[in-house]
Amino acid sequence: MASILTASPRPFAVRSTRTGQHVGMVANLRPVKGMDVFAAAAARLSAEFPDLRFTVAGEGELRPELERQVAALGLSQRFQMPGAQADVPGFLAGLDIAILSSRSEGLSNALLEYMAAGRAIVATDVGGNPRLIEHGVHGLLVPPDDAQALAVAVARLLREPELALRLSRAARRRVEEEHSREAMVRRFEQFYLRLVGRDEDAE
């Protein structure tokens, strides 16, 4: 998959209506990623937001089980699984809200890509996620394995586009300042300058 961290972002835009809104995620289809929770949240959201679409981009062993769950929930026409995406920036540009429903995470590349794309984000409060996303500042954090909490957070961003815009812009700024290639280069420069300073002090 192409990384968005070095690509030009397509900025988040507040839509004037709810028509065609799109919620999705990028992940390997494995149990730890919580796609079943995302699907259950989608079922809760579908009644209030009849035009809302859901997409999971990725492949993995959970695909047959997830397809069965989606069909059982009556979401087959609204919940898409297009497989792995070569153009991740292009896929993320089509989302209104990006989801990370993982039960466990380290420092998530997907979450960094969501932030770099300037998407409004709902993520689970696990692993390294709260290191990247401060709740209510760069996105919304919810407990893992809680479809109701996930649905409530997504619904809030759909109802409050100004909040979604503010969070998405803050997430983009944070990833630029702390996790972009330029930021990493600055940290390496500072590290080596400190080493040189120590060597000079020792002489």
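Going by what's in this entry, would Leu132 be described as of a type outside the set (D, E, K, R), under 22 Å from Leu165 (Cβ atoms) and either surrounded by 14 or more Cβ atoms within 10 Å (Cβ to Cβ) or touching a Ser or Thr at 6+ places or on another chain (Cβ under 6 Å) (or both)?
So Leu132 fits the description; yes.
Between residues in the range 138-156 that are within 12 Å of Leu100 (Cα to Cα) and in contact (Cβ under 8 Å) with a residue 24 or more places away in the chain and residues that are β-branched (Val, Ile, Thr) and part of a loop (DSSP other than H, G, I, E, B), which pairs lie under 9 Å by C-beta distance while being six or more apart or on different chains?
As it stands, the answer is Gly139/Ile133; Leu140/Ile133; Pro144/Val126, since those pairs meet every condition given.
Here are some residues: Val137, Val126, Val152. Which one is more than 25 Å from Leu73 (Cα to Cα), surrounded by 13 or more Cβ atoms within 10 Å (Cβ to Cβ), touching a Lys or Arg at 6+ places or on another chain (Cβ under 9 Å) and at pLDDT 95 or above?
Val126
Could you figure out which of (1) buried (at least 19 other Cβ atoms within 10 Å of the Cβ); (2) over 20 Å from His22 (Cβ atoms); (3) not polar (S, T, N, Q) isn't true of Ala147?
Unmet for Ala147, out of (1) buried (at least 19 other Cβ atoms within 10 Å of the Cβ); (2) over 20 Å from His22 (Cβ atoms); (3) not polar (S, T, N, Q): (2).
Which one of these is at pLDDT below 95 and either in a helix (DSSP H, G or I) or closer than 17 Å to Val23 by Cα (or both): Leu157, Leu193, Leu167?
Leu193
Within the range 60-73, how many residues are of a type in the set (D, E, K, R) and loosely packed, with under 13 Cβ neighbours inside 10 Å?
Looking only at that region, the number is 2.
Tell me the residue from Val137, Val88 that is β-branched (Val, Ile, Thr) and closer than 15 Å to Val23 by Cα, please.
Exactly one residue qualifies, and that residue is Val88.
The values are calculated or read from the model by the stated rules, or taken from the named source; none is laboratory data. The structure presented is a predicted model; accordingly, all values stated were derived computationally and were not measured. Note that we place each Cβ from the backbone using ideal geometry, even for glycine, and neighbour counts take in every protein chain shown.
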